[in-house]
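Please read the structure below before turning to the comments.
Laboratory data are not the source of any read-out in this text; all were calculated from the coordinates shown. Treat the numbers as computed from the prediction; the structure is a model and nothing was measured. Methodologically, a virtual Cβ is constructed for each residue, glycine included, from the backbone with ideal geometry; neighbour enumeration extends over all protein chains shown.
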Amino acid sequence: MEQYGQPTWCSDIKWLLLDYDDQTRRERLVHRPGWTEKMIAEALADARILRQAIHLQVDTGLLSPKAIATRTLEWLEQVHRDRYKEGSS
């Protein structure tokens, strides 16, 4: 998206970033079979770009799976309510 901009078909797509800090990401990726330092660096760079592009974020490194699911469901319900309001206007 950074290089080419947002396609027109994405104008109504809603985004929620499930993310965690770079140190945790690095620690997890180091233990993945076949992941090179270059791949890890690219994953960290991608995460930084996503953090800048997507304003609504849930820190999955700090929350329990249940809390993450609850926040995600609340977000989805809000998106649905907002769409319903837009459609009834």
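Some notes on this structure:
- Folded to 0 to 90 degrees: helix 65-88 orientation relative to the chain principal axis, Cα: 30 degrees
- Qualifying GluC sites (Glu not before Pro) in the range 1-85, DSSP loop, other Cβ atoms within 10 Å at most 13: GLU2
- A Förster radius of 25 Å, combined with the Cβ-Cβ distance separating ALA67 from VAL30, puts the computed FRET efficiency at roughly 0.45.
- From least to most packed, judged by other beta carbons within 10 angstrom and beginning with the fewest, THR60, THR8 follow the order THR8, THR60.
- With neighbour counts taken as other beta-carbon atoms within 10 Å, the residues ARG71, ARG48 rank, fewest first, as ARG48, ARG71.
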